[in-house]
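Asker: Structure in structure tokens, see below.
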Amino acid sequence: MVAEKTNRQLLAALVSSNKKVEDIMNHYAHNFYLITRATYEDLRMLGLSPNESTRIISAFEIFKRAYSQTNVLKISKSYDAYSLFKDLSFSKVEIFAVIFMDRACNIITYEKIFIGGIGETAVDVRIILKRALECGATSFVSGHNHPSGNLVPSTSDKNLCTQLKSASKFLDLNLMDFLIIGNNEYLSFQDTGIL
């Protein structure tokens, strides 16, 4: 039965040799969370065939989609927002995303707006506010990942939050929360009193 197999056995079902399984496990320090962040190119460099690499990436993509699937239609607490942002923790680069909402906090749309590098993402506040106006939002929650998994807000995180909050007030928009995502956990600026 598949559910009873070890991680190594599950991986072996996707590749053609035990040596390739060992190479993958060793490269990612036997940490399946790190393996879920592998790219097609990473796996090819480890000696996997195009088909093996595609199978592994596809299996993890199915998992990520199922993991991030949510029935949340309204944001009433930070965990509701996190349930939409949680897939960001699988990215090796920073992604800045926004949930746009109406006055009753019903979700209008969720968008990944900026994609950056390993250490930071360039975020343009004007683009976020323009998008909020375009979709008719009155409030929003922003979230981004720290690929390192460290949830401690940087000075630039705090500065960006302050900029977003100040700029949104001029357009009668409400920044409800600012989340940092990492290693399947999150930090809410609202919950911790930073916002």
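The values are calculated or read from the model by the stated rules, or taken from the named source; none is laboratory data. Owing to the predicted nature of the structure, the values given are computational and were not obtained by experimental measurement. Virtual Cβ from ideal backbone geometry, glycine too; neighbours counted across all protein chains shown.
Asker: Being farther than 23 Å from residue 185 by Cβ and part of a helix (DSSP H, G or I), is that true of even one residue in region 115-125?
Answerer: yes
Asker: Taking region 1-55 as the region of interest, how many residues are among the basic types (Lys, Arg) and not in a helix (DSSP H, G or I)?
Answerer: Residues that pass the stated criteria total 2.
Asker: When both residues are 6+ apart or on different chains and their Cβ atoms are under 9 Å apart, which pairs have a first residue that lies in region 59-80 and is in the same structural domain as residue 109 (by TED's automatic domain parsing) and more than 20 Å from residue 185 (Cβ to Cβ), and a second that is of a type in the set (S, T, N, Q) and at pLDDT below 80?
Answerer: none
Asker: Scan region 66-83 residue by residue and report those that are among the hydrophobic types (A, V, I, L, M, F, W, C) and crowded, with 21+ Cβ neighbours inside 10 Å.
Answerer: 75, 81
Asker: Any idea which of 168, 156 is under 19 Å from the mean Cα position of the chain (by Cα), part of a helix (DSSP H, G or I) and either surrounded by 14 or more Cβ atoms within 10 Å (Cβ to Cβ) or not hydrophobic (A, V, I, L, M, F, W, C) (or both)?
Answerer: 156
Asker: Can you tell me how many residues within region 108-167 are over 24 Å from residue 80 (Cα atoms), out of contact with any strand residue (DSSP E or B) (no Cβ under 7 Å at 6 or more places or on another chain) and among the hydrophobic types (A, V, I, L, M, F, W, C)?
Answerer: 2
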